[in-house]
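Undergrad: One structure, as structure tokens, below. Some questions next.
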Amino acid sequence: MADEIMRDIFIKDRWLPVQIDYVQGTNAVPLKFQFRDYAIPSGAAARIYVKKPSGKEVYNSASLSGNTVTVQPTTQMFAEAGEQEGQLQLTSGQKLLVTFPILFRVERNLISESAVESTDEYGVLLQLIGDAEKAVASANDAAGKASAAAGKADRAAEAAGSAGTKAEKAAEAANTAAGSASSAAAGASQAAEKADAAGEEASAAAKRANEAAQNVEGLEVTDLVNRIKEMEEQMKQVTLLMYPVGSVYESTDITNPREYFGGTWEVFGAGRVTVGIDTGQTEFNQVRKTGGAKTQTLTRAQLPKITGKVEAGSGNSGTADGGYGAFRKASGVFSVSPEDYQYSMPKRENAMSWPSGYGKYYFEMSVGENQPHDNMPPYITVYRWVRTA
């Protein structure tokens with residue numbers, strides 16, 4: 001039995017979720033993923049992305065053999081116990097393929113001495129940066145070689161020009177001596193022709209050297225630019241992995257995230273605060289559910305309990321001559337005139353009613369103006385988008 005964990009991967013149909021059980025802090029057992037419904041192209045690159053329960057991330061390279069991707073876990077990949085999700089990523093030129101999420105169930109390691117601090121790990125990004133630095137160094141080296149070749153060509157052209165000048169002087173001398181030595185003149189003319197030919201060849205060589213230097217320099221710079229563009233595109237793909245469809249992005253910059261990461265984004269939750277899902281509360285048991293109000297007018301049932309007391313009555317506590325009287329008292333939210341006083345009238349036996357003008361009093365209460373109150377918590381505004389594709 002091989003010391004490895006093997007799982008089948010389907011990218012066209014989800015089937016059952018891929019699940020792997022591992023132990024916290026372990027990195028000895030490699031993970032192999034066999035692609036069953038997709039032929040991995042030759043020359044493709046494979047990577048593994050894992051998001052830990054704390055939100056920290058691991059993004060490393062994986063090896064490819066035929067249609068199998070092999071992941072050698074690092075210590076950081078399973079540094080935290082709990083459930084975490086990951087995805088395999090295949091790149092071939094500008095083409096990108098990402099698998100359905102893979103569930104990793106990491107069991108707790110009981111040996112505390114083997115625990116490590118969980119951190120982010122971006123092996124792929126470090127590799128890309130290293131490749132870019134090597135490409136820049138290679139371009140600088142090529143540019144130096146091209147400059148040296150151009151210098152040699154310039155010196156060759158100068159030497160050719162000097163040879164031509166000397167040949168012309170030799171021709172003049174030969175012509176002067178032609179009257180006395182025609183054979184010497186003929187030899188000098190041949191020498192002049194050879195010198196001119198040598199000058200032309202030197203000029204042609206200088207031209208070819210300059211063209212070669214330009215071609216070499218242009219080729220290296222173009223390759224470097226293409227590598228940098230490819231790295232920028234890969235960085236965008238990494239960021240899109242960090243923001244899958246349905247993710248919310250907030251910023252104080254009005255620029256749409258598609259300018260930075262690609263993907264399709266739309267404005268989300270304008271004028272509203274966000275609340276976490278709580279299936280135990282009807283108001284918060286579904287995603288994208290809205291509610292609440294900017295202002296609120298309280299109903300009678302929502303008002304705080306306010307109490308008061310009114311006392312009123314009649315009796316024989318009238319004036320000193322024995323007349324009957326009426327009194328009233330109030331407390332709490334009720335009020336009357338500042339003093340407690342009595343209406344007095346003559347004593348009346350078996351009276352059925354008060355005489356006209358006596359015993360007329362009432363109590364009033366009025367609270368509030370029925371205006372809505374501010375219902376907003378402290379807030380700060382940002383631009384917010386949700387990725388839709």
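The values are calculated or read from the model by the stated rules, or taken from the named source; none is laboratory data. Bear in mind that the values here come from a model prediction, so they are computed numbers and not experimental data. Reconstructed Cβ throughout: ideal geometry from the backbone, glycine too, with neighbour counts over all protein chains shown. Ligands, DNA and RNA are stripped out before the accessible areas are found, and what is left, the full protein with its side chains, is counted by its heavy atoms. Shrake-Rupley method; radii C 1.70, N 1.55, O 1.52, S 1.80 Å.
Undergrad: Sort through 374, 321 and tell me the only one that's at pLDDT below 90 and more than 30 Å from residue 249 (Cα to Cα). Step through it out loud before you land on a result.
TA: Values: 374 fails: more than 30 Å from residue 249 (Cα to Cα).
The unique qualifying residue is 321.
Undergrad: In the range 369-381, which residue that is in contact (Cβ under 8 Å) with a residue 60 or more places away in the chain and exposed (fewer than 10 other Cβ atoms within 10 Å of the Cβ) is farthest from residue 294 (Cα to Cα)?
TA: Step one: filter the range 369-381 for residues in contact (Cβ under 8 Å) with a residue 60 or more places away in the chain, giving 370-377, 379.
From what is left, the residues that are exposed (fewer than 10 other Cβ atoms within 10 Å of the Cβ) are 370-371, 373-374, 377, 379.
Working: 370: 16, 371: 13, 373: 9, 374: 7, 377: 10, 379: 12 Å.
So the residue we want is 370.
Undergrad: Here is a follow-up. Return the total of residues in the range 72-83 being of a type outside the set (Gly, Ala, Ser), in contact with a strand residue (DSSP E or B) (Cβ under 6 Å, 6 or more places away or on another chain) and open to solvent by less than 60 Å² (accessible area, probe 1.4 Å). Quick ask: steps written out before the conclusion?
TA: Restricting attention to the range 72-83, the residues satisfying the condition of being of a type outside the set (Gly, Ala, Ser) are 72-78, 80, 83.
Okay, now just the ones that are also in contact with a strand residue (DSSP E or B) (Cβ under 6 Å, 6 or more places away or on another chain), so 76-78, 83.
This time we only want the ones that are open to solvent by less than 60 Å² (accessible area, probe 1.4 Å), so: 76-78.
Looking only at that region, the number is 3.
Undergrad: Kindly indicate which of 137, 153, 148 is at pLDDT below 65 and assigned to a helix (DSSP H, G or I). Talk me through it step by step, then tell me what you get.
TA: On the way: 137 fails: at pLDDT below 65; 148 fails: at pLDDT below 65.
When all the criteria are applied, what remains is 153.
Undergrad: I would also like to ask the following. So residue 62 clears everything in (1) within 28 Å of the chain's Cα centre (by Cα); (2) open to solvent by 40 Å² or more (accessible area, probe 1.4 Å); (3) at pLDDT 95 or above except one condition, right? Which one?
TA: (2)
Undergrad: So in the range 240-260, with the set limited to residues that are assigned to a helix (DSSP H, G or I) and either open to solvent by 30 Å² or more (accessible area, probe 1.4 Å) or free of Cβ contacts under 8 Å to residues at least 12 places away in the same chain (or both), which one is nearest to residue 97 (Cα to Cα)? Working first, answer last.
TA: Narrowing the range 240-260 to residues assigned to a helix (DSSP H, G or I): 240-242, 258-260.
Subset that is either open to solvent by 30 Å² or more (accessible area, probe 1.4 Å) or free of Cβ contacts under 8 Å to residues at least 12 places away in the same chain (or both): 242, 258-260.
Working: 242: 15, 258: 19, 259: 21, 260: 20 Å.
Step by step, filter the range 240-260, then rank; the result is 242.
Undergrad: Go through (1) more than 26 Å from residue 126 (Cα to Cα); (2) without any contact (Cβ under 8 Å) to a residue 60 or more places away in the chain; (3) assigned to a strand (DSSP E or B) one by one and return the number of the condition residue 12 breaks.
TA: For residue 12, the failing item is (3).
Undergrad: Taking only the range 33-59 into account, find how many residues are open to solvent by 60 Å² or more (accessible area, probe 1.4 Å) and either in a strand (DSSP E or B) or touching a residue at least 24 places away in the same chain (Cβ under 8 Å) (or both).
TA: Going through the range 33-59, the residues open to solvent by 60 Å² or more (accessible area, probe 1.4 Å) turn out to be 36, 38-39, 42-43, 51, 53-54, 56.
Okay, now just the ones that are also either in a strand (DSSP E or B) or touching a residue at least 24 places away in the same chain (Cβ under 8 Å) (or both), so 36, 38-39, 43, 51, 53-54, 56.
Residues meeting the conditions: 8.
Undergrad: If you don't mind, there's one more thing I want to ask. I need every pair where a residue in the range 291-307 that is closer than 26 Å to residue 271 by Cα has its Cβ under 8 Å from the Cβ of a residue that is surrounded by 10 or more Cβ atoms within 10 Å (Cβ to Cβ) and of a type in the set (Lys, Arg), sequence separation at least 6 or different chains.
TA: From the range 291-307, the pairs are 292/272.
Undergrad: Here's another thing I want to ask about it. Can you pull out every residue in the range 99-110 that is open to solvent by less than 60 Å² (accessible area, probe 1.4 Å) and assigned to a strand (DSSP E or B)?
TA: At the first step, the residues of the range 99-110 found to be open to solvent by less than 60 Å² (accessible area, probe 1.4 Å) are 99, 101-104, 106, 109.
The answer is 102, 103, 104, 106.
So that you can scan it fast, the table gives a plain yes or no per residue for (1) open to solvent by 70 Å² or more (accessible area, probe 1.4 Å); (2) not polar (S, T, N, Q):
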| site | (1), (2) |
| --- | --- |
| 262 | no, yes |
| 295 | yes, no |
| 298 | yes, yes |
| 301 | yes, yes |
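Undergrad: Exactly one condition in (1) in contact with a Pro (Cβ under 8 Å, 6 or more places away or on another chain); (2) over 16 Å from residue 7 (Cβ atoms); (3) free of Cβ contacts under 8 Å to residues at least 40 places away in the same chain; (4) open to solvent by less than 40 Å² (accessible area, probe 1.4 Å) is false for residue 86; which is it?
TA: (2)
Undergrad: May I pose another question? Just give me the residues in the range 60-83 being part of a loop (DSSP other than H, G, I, E, B) and in contact (Cβ under 8 Å) with a residue 40 or more places away in the chain, in sequence order. Lay out the reasoning, then the answer.
TA: Start the filter on the range 60-83 by keeping residues that are part of a loop (DSSP other than H, G, I, E, B), which leaves 66-67, 72-81.
Answer for the range 60-83, where residues must be part of a loop (DSSP other than H, G, I, E, B) and in contact (Cβ under 8 Å) with a residue 40 or more places away in the chain: 72, 73, 74, 75, 76, 77, 78, 79, 80, 81.
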